[in-house]
Amino acid sequence: MELEPLNSENNAFDEKDKLARKRAERNDERGTWGSRFEFLLAIIGFTVGIGSIWRFPILCARNGGGAFLIPFFFFMITCGGPLYYLEVCLGQFSGQSAGAAFHFCPLLRGLGFLMVMISFDILWYYVTIMGWIQYYFVQSFNSQLPWTTCGNWWNTENCKEREFFTTSGVNNSITVNTTSLPYNISSNTTSASLPYNVSSNMTLSSMFTSPANEFWLYNVLRKSDGLENMGTIQWHLVLSNFVGWVIVVASLIKGVQSLGKVVYVTATAPYVLLTVLLIRGLMLDGAIDGVVWYITPDFEKLASPQVWLEAAIQVFYSLGPTYGGVITMASHNKFHQKSIVETTICVASDAFTAFYAGLVVFTCMGFMAKEAGTTVEVAAKASGPGLAFVAYPEALSRMPLPQFWAALFFFMLVTVAFDSTFGMFETVTGALFDIYPKKLMPRKYLVLIGTALVLFVLSLPLTMNGGIFLFQLSDWYISAFALLFGSALECIMVTWIYGADRFAQDIELMTGRKVSKILRIFWCVLMTGFLSITCLITIITYTKPDYGDGYVYQPYSIVIGVLMSLVPFVPVVLIMVKEIWQAEGSLLQRVSFLLQPSEKWGPIDNQAREIYFSKPYRYDDTLCKRIKTNILGDKDTPWF
């Protein structure tokens, strides 16, 4: 009778050993990075996205210029960086993509599929941005940039070229004939997205429009008057999207090894091009005014909680946790790699790029404000895609050799967009390979092509006349709610359910270094607490989506948006119900059992696996001791 528990324990050990060996074999098939430098470039490319080019400068403009930099860097250091390192260690230790990396808590392991769903949903509409960028890039090679002149087939009689604005100003007594528009547009459209000096409460019926704005609205988007009028498919966008998917699949066709070579170009080109554009931008008349406005803080803004909230959200948007890409790419690391260096460099690069891109943008904003006879603040009010696709092209068109500078700028955006796409696409396909390794690994090419085709077909509604309204609705709900709530759930699972101290011991087994007290405090207190508070504030301060031109989303579209935001949470709930249903005992016993790591959890390395299973972790016997150990570790834990 005394031998039964021992035999049972040995059987459990053997089962875990077999599962871990299978995972180690699959990890060899999945491949590893050619070098640490390739991994560094890959995560920098994934993290530094288009948001750094246009979203960050707009948030600065809206929240006091330089004052916004203070909470942004504060949250980047105390919350964003620690969460990023947590995901890198989780992926490297388990050797699994995001979809299969959460077996340390079977009850909530559906979080991995939430990450996959978020990446899938964002890929669905993100490639549309790449389509827009590629279309602008191709148009940059025309003998005359098409967004600089009126009289084209897409222009209206209200289109006025820049000479009209710089010499005559806006004549408010002249009205716009909305019947001349090549596509239907609401008559109450406001001027929020226009790059010229017009009053924020003026309507389209009392102003002129610039050729850059009309090119964006009536050539690129061929925008309808709302989500209620989707119109027809625009084949130039369909072709651009298709080309984008071809490039993504071609870059990943040989797995992480081919991606490691691609990122040498895609991760470094943006910095080279940003530097060139900054030097050229500083030569423009009025550029210094834009830079001064950008770096001069309005300290009164710091008293507003909204400024701090938007800074925190921008940090998580920018770094991209809960997209699953960080975990997936880290799963291709060598097991004993000390990734703290790569993580620190990546987080610092993301913060630097946001600031650096802001300098580039506001040199052009100062130039445009000077040309239009207005202030930098007014010129910077173009938000969302308007800054990259209206205001910036307008400024680039006024440089010497405008075709060259426009092509250079949009090529930079192409490289930035593709880097982020690679990580999310690898997250989706990596989850499929981890779930069905025997069936899908031999058919890797078909899986990549099939996944891309599915996403391409699903994205066709975004290429219609009303696609921009669907795009805004999707981005508004999917990116905000699922991202924030997923990040909060992940922090709670790792630091308080599995345990920060236990996770720190896993990291020590993997890297040979103890996790410092400072990092534990960031994980357990600051990061977890702030994310929970942010989720609560997001619910309380919820507002309806705003396209920016006066269009009001109807109640039914709000319902659609809310449902889209809830879709990523479906696998979390379904897997939770399934696990509880299949477990044994009372409900409390089942939940308690499912909060413990399953037999599928453990280090991917064979030698580390033997050590891990031979020395099982023992939790403290009281809650107070466990909290103290989680936050501070033992007496040998260093502070730094």
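The values are calculated or read from the model by the stated rules, or taken from the named source; none is laboratory data. Because the structure is predicted, anything quoted here is derived from the model rather than measured. Neighbour counts are summed over all protein chains in view; Cβ atoms, including those assigned to glycine, are modelled from backbone coordinates with ideal geometry. SASA here: full protein model, heavy atoms, side chains in, ligands and nucleic acids out. Shrake-Rupley method; radii C 1.70, N 1.55, O 1.52, S 1.80 Å.
Note on the stretch 52-137: Cα-Cα pairs beyond 20 Å make up 60% of the total pair count. The order of the peptides 630-638, 593-601 by mean Cβ neighbours within 10 Å, most packed first, is 593-601, 630-638.
Here the simple spin-label model places points 7 Å from the Cα toward Cβ, and for VAL138 and VAL457 these points are separated by 2.3 nm. Length gained on full extension, GLU377 to LYS439, computed as 0.36 nm times the residue gap minus the Cα-Cα distance: 16.7 nm.
Sorted largest first, the spans of the alpha carbon positions of the stretch 300-427 along the three principal axes are 58, 43, 23 Å. Descending by average beta-carbon neighbour count within 10 Å, the peptides 45-53, 621-629, 310-318 line up as 45-53, 310-318, 621-629, the highest first.
Summing charges over neighbours of SER420, with a neighbour being any other residue whose Cβ is under 15 Å away from its Cβ, gives -4 when K and R count +1 and D and E count -1. Ordered from highest to lowest accessible area with the whole protein assembly present and a 1.4 Å probe, ASP605, ASP225, ASP350 read as ASP225, ASP605, ASP350.
Once the C-beta distance of ASP285 and SER586 is scaled by a Förster radius of 56 Å, the resulting FRET efficiency is 0.15 to the nearest 0.05. Between the amide H of MET464 and those of GLN234, distances stay under 5 Å, these residues lying 5 or more places away or on another chain, with hydrogens modeled in the peptide plane.
Scanning residues 5 or more positions from THR322 or on other chains, none has an amide H under 5 Å from its amide H, with H placed 1.01 Å from N in the peptide plane. The distance separating the Cα centre of the stretch 591-627 from that of the stretch 487-531 comes to 14 Å. Between ILE50 and any residue 5 or more places off or on another chain, the built amide H atoms are never under 5 Å apart.
Can you work out ³J(HN,Hα) from phi for every residue in the stretch 223-231, in order, using Karplus 6.51 cos²θ - 1.76 cosθ + 1.60 and θ = phi - 60°, giving whole Hz and x for Gly and Pro? Per residue, the Karplus-derived 3J(HN,Hα) values read 5, 8, 8, x, 5, 5, 10, 6, x Hz. Distance between the pseudo-spin-label points of VAL577 and TYR619 (7 Å out from Cα toward the beta carbon): 2.7 nm.
In order along the stretch 340-349, the phi-based Karplus estimate (6.51 cos²θ - 1.76 cosθ + 1.60, θ = phi - 60°) of 3J(HN,Hα) comes to 4, 5, 4, 5, 4, 5, 5, 5, 5, 5 Hz; Gly and Pro are listed as x. Taking a spot 7 Å from the Cα of LYS517 along the direction of its beta carbon, which residues of the stretch 602-640 have an amide N less than 15 Å from it? Answer for this model: 628-640.
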